[in-house]
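This report concerns only the one structure given below.
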Amino acid sequence: MRTDARRHHDPQVRGFASDNYAGAHPEVLAAIALANGGHQVAYGEDDYTGHLQRVMHSHFGPTAEAFPVFNGTGANVVALQALTDRWGAVICAESAHINVDEGGAPERMGGLKLLTVPTQDGKLTPELIDRQAYGWDDEHRAMPQVVSITQNTELGTVYTPDEIRAICDHAHERGMKVHLDGARIANAAASLDVPMRTFTNTVGVDVLSFGGTKNGALFGEAVVVLNPDAVRAMKHLRKLSMQLASKMRFVSVQLEALLAKDLWLRNARHANAMAQRLAEGVRAIDGVEILYPVQANAVFARLPHAVSERLQKRFRFYFWDETAGDVRWMCAFDTREDDVDAFLQALKEEMAR
């Protein structure tokens, strides 16, 4: 029996199911190799995690502190725990990742109550927040303490800085804090063509879940505390939530590789551009409807169910609402123009059958 490592997949195959399907960017892999060798202090006292703090300062200001974690769910659960009391609740959009795609982790692992609000485009507003922002003195109701928003949203839409500022002002006036789930924060910044600070700490966000995996990292995210007065016991919460990496240098160096220069932005701009190319092609195909504005790296569409099923045999992607025939197509940093064009040709062929 062979015991040496060998390739088990075709590296030329790319689909449109998720930007998580993409591998790691070569510059990230090179950074991991650079951090390897020799001994470094464990649990975050290494040189790479120390330098990551300075890199984060360049993006989010001198008070920002990054706590690297393994994954996005872990980042969100740790961040929300740090912002709430045991009796606290989190207001979020009904479509938010913390509500529909984290397997109940905020509730089961974080002990949090999620107070959800239906939205048309995935975005909260002060008026929508007020549907759940009440009952602070009612012991029969979980206390609203945090507003959590996603940038960009689960529906591929992007908040403007002014929209986030309005949410932060509104939440803070009511004694609540603001968490931003930034799993695709790079795509949002590329779409808006502004620095990430413009729609985070500058406008009042207290804590950020910073995403690296969808932007070219092998694994790893970070909780970035933007307002130190808003959180408690972050180090302890990260540990008891099983998100403290012993060899943290290998998470930190990936985030450094993305953020120290412009790799994060190059990757995001490319993914967004591929989504625009896909959307432009889809709009020319009769019988396919684009559901939401294409503002980042996602295209949501509605088409006949049977067409999607046939197309899925040729390209991997997911139904978003199978009953309605809604699907989601995602582009990544390594999506090629040829991939998009081949998908569009396949879609045309299946629609014509």
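Starting from 0.36 nm per residue, how many nanometres of slack lie between Ala233 and Asp85 once their C-alpha separation is accounted for?
Separation in residues times 0.36 nm, less the Cα-Cα distance, equals 52.1 nm.
Just how many % of Cα pairs in the range 80-130 lie over 17 Å apart, if you round to the nearest whole percent?
Tail of P(r) above 17 Å: 34 percent of Cα pairs.
Using 17 Å as the cut-off for backbone N distance, which residues of the range 169-211 belong to the label zone defined by a point 7 Å from the Cα of Tyr292 along Cα→Cβ?
Residues 180-192 qualify, since their backbone N sits under 17 Å from the label point.
Rounded, prolate or oblate: which one fits the range 28-96, using the alpha carbon gyration tensor with axes a ≥ b ≥ c (rounded when a/c is under 1.5, else prolate when a/b beats b/c, else oblate)?
prolate
Evaluate the distance, in nm, between pseudo-label points positioned 7 Å from the Cα of Ser246 and of Gln312 along their respective Cα→Cβ axes.
4.0 nm
Restricting to Cα atoms and excluding each atom paired with itself, what does the Kirkwood estimate give for the range 234-290 in Å?
Result for the range 234-290 stands at 14.9 Å.
When we measure straight from the Cα of Lys214, which lysines land under 23 angstrom away, once same-chain ones fewer than 8 places off are left out?
Lys123, Lys247, Lys261
Between Ala33 and His305, what is the label-point separation in nm under the 7 Å Cα-to-beta-carbon projection?
Computed distance between label sites His305 and Ala33 equals 4.9 nm.
Scan around Lys177 for amide H atoms under 5 Å from its own, H built in the peptide plane at 1.01 Å from N, and keep only partners 5 or more places away or cross-chain.
When sequence neighbours closer than 5 places are left aside, the close amide H contacts are Val146, Val147.
With each run of n ≥ 4 DSSP H residues scored as -39500 (n - 2.57), what mean residue ellipticity at 222 nm is computed for the chain after dividing by its residue count and rounding to the nearest 500 deg cm²/dmol?
It comes out at -11000 deg cm²/dmol, rounded to the nearest 500.
Let me check something: with ligands and nucleic acids excluded, how do Lys123, Lys239 order by accessible area (1.4 Å probe), largest to smallest?
The ranking, largest first, comes out as Lys239, Lys123.
Excluding ligands, DNA and RNA, what is the solvent-accessible area per residue of the chain at a probe of 1.4 Å, expressed in Å²?
Result: 46 Å² of accessible area for each residue.
Can you compute the radius of gyration and Dmax for the range 1-145, using only the Cα atoms, both in Å?
For the range 1-145, the Cα-based Rg and Dmax read 20.8, 67 Å.
Strictly greater than 36 Å: what percent of every Cα pair in the chain meets that?
Pairs farther apart than 36 Å: 22 percent.
Of all the accessible heavy-atom surface of the range 213-353, with the other protein chains kept in place and a 1.4 Å probe, what percent is carbon and sulfur?
49 percent
Sequence neighbours fewer than 8 away in the same chain don't count; with that in mind, list the lysines whose C-alpha is under 22 Å from Lys348.
Straight-line reach from Lys348, under 22 Å: Lys313.
According to the Cα gyration tensor, what semi-axes, each the square root of 5 times an eigenvalue, does the equivalent ellipsoid of the range 185-319 have, listed from largest to smallest in whole Å?
Listed largest to smallest, the semi-axes of the range 185-319 are 35, 18, 15 Å.
The values are calculated or read from the model by the stated rules, or taken from the named source; none is laboratory data. Bear in mind that the values here come from a model prediction, so they are computed numbers and not experimental data. Every residue, glycine among them, receives a Cβ derived from its backbone with ideal geometry; neighbour counts consider all protein chains shown. Keep in mind that these areas ignore ligands, DNA and RNA; they rest on the heavy atoms of the full protein, side chains included. Shrake-Rupley method; radii C 1.70, N 1.55, O 1.52, S 1.80 Å.
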